[in-house]
Amino acid sequence: MSRFFTAALRWAIIIFWVAFTLLPLYAAFCASLTKYENLGKSFLYPADWQWSNYIDVFTRIPLLSFLRATLIYAIGTSLLCVLLGTLAAYAFSRFRFVGKQTMLTIIFVSQLVPQVIIVIPLFLMLRDMGLYDSYLGVVLAIVSTGIAFTVLLLKSFFDGIPLSLEEAAAIDGASRIRILTRVVLPLSKSGIATAFALSFFTGWGQYLYPLVLTRQAKNTPVTVGVARLLDNQTPWEIVMAATLISVLPAVIIYMFVQKFLTRGLLLGAVK
């Protein structure tokens, strides 16, 4: 009886938590299928089943352009974070140099700095460099704050790889770059996949940097583009439809990398 009660309680907590988590998405789904004049009349189910809202959203705003810019920011951020983060993490893991611990502390603390504090200095720097309102400028801004977690995550993976493997490769004449690419990276696939996925989601959900650092519609991501619909007469059915459409690519990518992501986070936590 006690075991049955424990299992029932566990399942009750899980079901409650899942329902609590999905409730905002369900409310957004109901609103996206409701006519503007009927919004708020029913929260349990869509009042109109107005599927045409999902077509109208593409005529009301340049959603495809917003999604393309979002994808560019997400992929650019993840590629740069993994490339630069791998080199930095390997250096911190394998080399001894003056100020190493201080630099690691600075990298850790940099994660605690709110974006709103540094967005104006970043805006001035990118403007002077001629990168304001460009894909590259936004990607560099996101990478500047997002790479810290990538470095710390990959360093924990590299620390867990035995040095004897690299020493054996060095005895066979392998260079440092060859050791990194042929020995270390293949053994860190879960960590690299995890870093890539988390960096992708970071770039996908950015709001403040693109809001300040872009002006043209073609450089505007979906987060900023949808937010600009908000005013005194916000078309909430269009906002909700655009929001759910913008979430789909990230969800699909998450389903593909879920196995690597879970394993990578667990291994990183253990190490």
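Could you work out which residue, out of 80, 180, 22, moves most in a Gaussian network model of the chain, that is, has the largest mean-square fluctuation with Cα springs under 10 Å?
Maximum among the listed residues: 22.
Stretch residue 14-residue 208 to full length: gain in nm at 0.36 nm per residue minus the Cα-Cα span?
Contour length minus the Cα-Cα distance gives 66.5 nm.
Report the charge-dipole magnitude of the range 41-123 in Debye, nearest 20, computed about the Cα centre from +1 at each Lys and Arg Cβ and -1 at each Asp and Glu Cβ.
Once rounded to the nearest 20, the dipole reads 380 debye.
If the only charges are +1 at each Lys and Arg Cβ and -1 at each Asp and Glu Cβ, what is the size of the charge dipole of the chain around the Cα centre, to the nearest 20 debye?
640
Quick one: which of 212-220, 146-154 comes out on top by average Cβ neighbours within 10 Å, and what's the full order, highest first?
Ranking the peptides 212-220, 146-154 by packing returns 146-154, 212-220.
For the range 117-246, which whole percent of the accessible surface, found with a 1.4 angstrom probe, sits on carbon and sulfur atoms?
Within the range 117-246, the accessible surface is 64 percent carbon and sulfur.
Reported to two decimal places, what Rg/Rh ratio describes the range 121-164 when computed on Cα atoms with Rh from the Kirkwood expression?
Result for the range 121-164 is an Rg/Rh of 1.28.
Suppose the chain between residue 232 and residue 58 were pulled fully straight at 0.36 nm per residue; how much longer would it get relative to their current alpha carbon spacing?
The span from residue 232 to residue 58 would gain 60.5 nm if fully extended.
Which one, 104, 163, 147, projects farthest toward the positive side of the charge dipole computed for the chain from Cβ point charges (K/R +1, D/E -1)?
163
Just add up the charged neighbours of residue 222: K/R +1, D/E -1, any other residue whose Cβ is under 13 Å from the Cβ of residue 222. Numbers along the way, then the final one.
Working: positive: 68, 218, 228; negative: none.
Overall, the nearby charge balance is +3.
Rank-order 240-252, 224-236, 100-112, 65-77 by packing density, defined as the average count of other C-beta atoms within 10 Å over each peptide's residues, highest first.
Sorting 240-252, 224-236, 100-112, 65-77 by mean packing, highest first, produces 65-77, 240-252, 224-236, 100-112.
Could you run the Karplus curve 6.51 cos²θ - 1.76 cosθ + 1.60 with θ = phi - 60° over the range 101-110 and give me ³J(HN,Hα) per residue in whole Hz, x for Gly and Pro?
Each residue of the range 101-110 in turn: 5, 5, 5, 5, 5, 4, 4, 5, 5, 4 Hz.
Evaluate Rg over Rh across the range 41-86, taking Cα atoms for both radii and Kirkwood's formula for Rh.
Reported Rg/Rh, Kirkwood definition of Rh: 1.31.
What does the charge count around residue 213 come to, taking other residues whose C-beta lies under 12 Å from its C-beta (Lys +1, Arg +1, Asp -1, Glu -1)?
Net local charge, residue 213 excluded: +1.
Grab the chain and count how many Lys pairs have their alpha-carbon atoms under 28 Å apart, sequence gap of 8 or more, or different chains.
9
So if each residue of separation counts as 0.36 nm, and I subtract the Cα-Cα distance between residue 176 and residue 117, what length gain in nm does that give?
17.4 nm
The values are calculated or read from the model by the stated rules, or taken from the named source; none is laboratory data. Please read these numbers as outputs of a predicted model, since none were measured by experiment. Positions of Cβ are generated from backbone atoms using ideal geometry, with glycine treated the same way; all protein chains shown enter the neighbour counts. Surface accessibility is based on the protein's heavy atoms, side chains included, excluding ligands, DNA and RNA. Shrake-Rupley method; radii C 1.70, N 1.55, O 1.52, S 1.80 Å.
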